Amino acid sequence: MNNCPLEKDEQLEFIRYIDHNYPGLYVNHSANEGSRKAHYVQFLKQMGMRPGHPDIEIMVPNDKYHGLFIEMKRQKGGAVSDAQKKCISELNANGYRAVVCKGAAEAKRELDEYMK
């Protein structure tokens, strides 16, 4: 049996960490995951949803970056799609910090370093 936490569980743990350690931090989750009916996906794209956008947006600048974007993955497994790679690259090229984190512990370390 695989007891590696699911991505959603890692993300829930990370958000609880933010709420406890950085109360009031402006954070948002982009709900790109899951399967939806084709007509609704088309509507969301028309509304501005873009494939590959990272899961978590922390809209607080620091001395180097405009904000932090985290694409959350499981500790083991969870491939980064071409659309995710492209989006992360574009964000980094435009003054943001955008990373892939494998698990909540990695995301916590990334956030703590960013907030120093």
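The values are calculated or read from the model by the stated rules, or taken from the named source; none is laboratory data. Predicted model, so just to flag it, every value in this text is computed and none were measured. Quick reminder, even Gly has a Cβ in these numbers, built from the backbone with ideal geometry, and neighbours come from all protein chains shown. Side chains are part of the model used for accessible areas, which takes the heavy atoms of the whole protein and leaves out ligands, DNA and RNA. Shrake-Rupley method; radii C 1.70, N 1.55, O 1.52, S 1.80 Å.
Taken over the stretch 1-14, the criterion of being closer than 17 Å to Ile70 by Cα and exposed (fewer than 15 other Cβ atoms within 10 Å of the Cβ) is satisfied by Leu6, Lys8, Asp9, Leu12. One residue alone among Asn32, Asn62, Asn21, Asn92 is open to solvent by less than 90 Å² (accessible area, probe 1.4 Å), modelled with pLDDT of 95 or more and out of contact with any strand residue (DSSP E or B) (no Cβ under 9 Å at 6 or more places or on another chain), and that residue is Asn21. Filtering the stretch 16-52 to residues that are touching a residue at least 40 places away in the same chain (Cβ under 8 Å) and of a type in the set (Val, Ile, Thr) leaves only Ile18. For the stretch 70-88, the set of residues classified as free of Cβ contacts under 8 Å to residues at least 40 places away in the same chain and out of contact with any Cys (no Cβ under 8 Å at 6 or more places or on another chain) consists of Ala79, Val80, Ser81, Asp82, Ala83, Gln84, Lys85, Lys86, Cys87, Ile88, listed by residue number. Listed by first and then second residue, the pairs with beta-carbon distance under 6 Å, at least 6 apart or on different chains, first residue in the stretch 89-100 and among the β-branched types (Val, Ile, Thr), second in a loop (DSSP other than H, G, I, E, B), are Val100/Val80. So is Glu113 closer than 25 Å to Pro5 by Cα, among the acidic types (Asp, Glu) and open to solvent by less than 90 Å² (accessible area, probe 1.4 Å) or not? Criteria not met by Glu113.
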